[in-house]
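The next block holds one structure in the form of structure tokens; read it before the comments.
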Amino acid sequence: MKIKISENQAKQKKVLFGITANYPEMWLSKGQELKRGANVIFESKTNNHLFMLLMAYAFENLLKGILICNDNKKESKVTLKKWKGLDHDLLRLSIKCKLSIDNLEKTF
């Protein structure tokens with residue numbers, strides 16, 4: 001079942017994201033929520049692929065929160081265009097966050 005939203009609702013959603021994306025707390029909160037969901041799936045031992053997907057999204061949100069914290073331009077509006085090339089690429093996000101990544105971790 002696909003839920004349809006109006007064009008106005010879609011615009012409101014974009015505006016809300018543009019406002020909240022500037023707050024690392026939002027990224028942390030969403031990351032924690034995704035990790036809780038992943039833990040439920042892990043404990044049920046039903047779907048390893050879904051567990052890994054949710055953990056990757058959780059990690060992505062944490063990394064984006066770190067990027068926002070490290071951004072000196074707190075007043076700048078974060079847009080999806082600014083994240084081009086960093087959208088879901090955990091390796092690129094990790095490097096941009098200046099995390100040390102060894103060669104084995106780079107293969108995953």
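The values are calculated or read from the model by the stated rules, or taken from the named source; none is laboratory data. Please read all numbers here as calculations on a predicted model, not as lab measurements. For neighbour counting, all protein chains shown are included, and Cβ atoms are generated from backbone atoms with ideal geometry for every residue, glycine included.
Scanning the range 2-47 for residues that are modelled with pLDDT under 90 and hydroxyl-bearing (Ser, Thr, Tyr) gives Ser6, Thr20, Tyr23, Thr46.
Entry remark, the range 23-64: residues being of a type in the set (S, T, N, Q) and under 13 Å from the mean Cα position of the chain (by Cα) number 3 in total. Considering Ala38, Ala10, the condition of being surrounded by 16 or more Cβ atoms within 10 Å (Cβ to Cβ) and either basic (Lys, Arg) or assigned to a helix (DSSP H, G or I) (or both) is satisfied by Ala38 alone.
Only one entry of Ile19, Ile5 meets the criterion of being of a type in the set (Val, Ile, Thr) and under 27 Å from Ser94 (Cα atoms), and that entry is Ile19.
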